[in-house]
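See structure below.
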Amino acid sequence: MHELGVAMEVVEVATRRAGGAHIRRIALEVGVLTAVLPDALSFCFDLATAGTKAEGAELELRTPPGRARCRDCSRELRLERPFGRCDCGGIDLDWLSGDELRIVELEVV
Amino acid sequence: MCATCGCGIDHEHSLDELHDHSGGHEHDHDHDHDHGDHDHGHESADSVDGRIITLEQDVLRRNDHLAQHNREWLSRRGLVAVNFVSSPGSGKTSLLENVIRRDEGRGRIAVIQGDQATDRDAERVRAAGARAVQLNTGTGCHLDAQMVARALEELAPEPGTLVAIENIGNLVCPALFDLGEQARLALMSVPEGADKPLKYPYMFRGASLVVLNKIDLLPHVEFDVGFFRDCLRQVNPDVSCLEVSATRGDGLSELMEWLAALCAPASAEGETA
């Protein structure tokens, strides 16, 4: 359940950045290859925001797809899991996207 | 002054202080303060564009930053830290005990022991001959860079020491948190099943070395080493894997060599610094 720690860090960073304003929405990128479960994060987000300037805020989750390039044949492929096999049989992959865990923006009132 | 980021905090004495610069920074301009890897969280709300504040900030940046300070703290002293990760019961503590005994009391190994509760494991590695600091995380499921910073100060290892950080027994959460270690050693044991790297890919993907422990049990359990190595290759194609029995001693010489090779450049750096 590291999602609770992640949610608390999101709220901490966001409330500090908001400078005392009330936060209505936090947009967060959680790539599909990131070791964070969106459902668990949403659940923890409500706990982490309670009693803060972000209480009641919407957590907008954006989920960049997993993309990788095969080191053997240089082709690009989609990854749904943090590993995969290229059509050429290659398993040595460079990740291009999908491992994001980033606060994109806040909406404050 | 911190050489990594020039942030002005004297890490010799206050490694565990968070870099909370938000209080004293006022800026008159309206752009976002992104300094690449080392944005220190100038979290004033002066970049409000309408009601949207753009951050584009990694959630774990604060931990990553502190980890980088730990790494710098270690390297300045000619120290190497290895983060030992595994499920509960894979044999991290047994492996450490035996590595320490092979070190023959030369005191070159010190241990930061992470558990949710009790100092039983710290007692075990002390009994084997190493200095140890126990970290209890309570309900926490992983160690983070700040906890390790405090433990390093308390441990105050001599130059040339190998600092073994035994993480919480958990194959999921510790994968996300850089502690400032130079290498991450992922341990698993044969009774856990050969497909474990595919089930817990993050931990194995981040490993610098994988140790397959309890190989003395191979005759008694169904475990296909070839299949295991194939699973491991899929998540981490380049990683080396040592087959070890911590209790019987198989593979420990190779592990000692790997650890010694890791320590050699750091010792040289520490001596010349």
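Observations on the model:
- Here B:Glu158 fulfils each of the conditions (1) within 14 Å of B:Ala81 (Cα to Cα); (2) open to solvent by less than 30 Å² (accessible area, probe 1.4 Å); (3) charged (D, E, K, R); (4) at pLDDT below 95 apart from (2).
- Selection within the stretch B:144-181 - without any contact (Cβ under 8 Å) to a residue 40 or more places away in the chain, out of contact with any Cys (no Cβ under 8 Å at 6 or more places or on another chain) and aliphatic (A, V, I, L, M): B:Met147, B:Ala151, B:Ala156
- Which listed residue is over 16 Å from the mean Cα position of the chain (by Cα), more than 9 Å from chain B (Cβ to nearest Cβ) and not small (Gly, Ala, Ser), from A:Arg16, A:Arg62, A:Arg24, A:Arg69: A:Arg69
- A count restricted to the stretch B:49-71 and to residues that are open to solvent by 60 Å² or more (accessible area, probe 1.4 Å), without any contact (Cβ under 8 Å) to a residue 24 or more places away in the chain, at the interface with chain A (Cβ under 9 Å from one of its Cβ atoms) and assigned to a strand (DSSP E or B) stands at 2.
- If you filter the stretch B:110-130 down to residues that are in contact with a Ser or Thr (Cβ under 7 Å, 6 or more places away or on another chain) and open to solvent by 10 Å² or more (accessible area, probe 1.4 Å), you find that the one that is nearest to B:Gln146 (Cα to Cα) is B:Gln116.
- Failed condition for A:Arg71, given (1) open to solvent by less than 10 Å² (accessible area, probe 1.4 Å); (2) free of Cβ contacts under 8 Å to residues at least 60 places away in the same chain: (1)
- Out of A:Ala48, A:Ala7, one residue alone is under 28 Å from B:Ile168 (Cβ atoms), touching a residue at least 40 places away in the same chain (Cβ under 8 Å) and away from chain B (no Cβ under 11 Å). It is A:Ala48.
- Of all the listed residues (B:Leu232, B:Leu212), the sole one being crowded, with 19+ Cβ neighbours inside 10 Å, among the aliphatic types (A, V, I, L, M) and not in a strand (DSSP E or B) is B:Leu232.
- The listed residue being surrounded by fewer than 21 Cβ atoms within 10 Å (Cβ to Cβ) and over 23 Å from B:Leu55 (Cα atoms), out of A:Glu76, A:Glu100, A:Glu58: A:Glu76
- If you filter the stretch B:170-196 down to residues that are more than 22 Å from B:Val221 (Cα to Cα) and among the small types (Gly, Ala, Ser), you find that the one that is surrounded by the fewest Cβ atoms within 10 Å (Cβ to Cβ) is B:Ala183.
The values are calculated or read from the model by the stated rules, or taken from the named source; none is laboratory data. None of these values were measured; they are calculated from a predicted model. Reconstructed Cβ throughout: ideal geometry from the backbone, glycine too, with neighbour counts over all protein chains shown. For accessibility, only protein heavy atoms count, side chains too; no ligands or nucleic acids. Shrake-Rupley method; radii C 1.70, N 1.55, O 1.52, S 1.80 Å.
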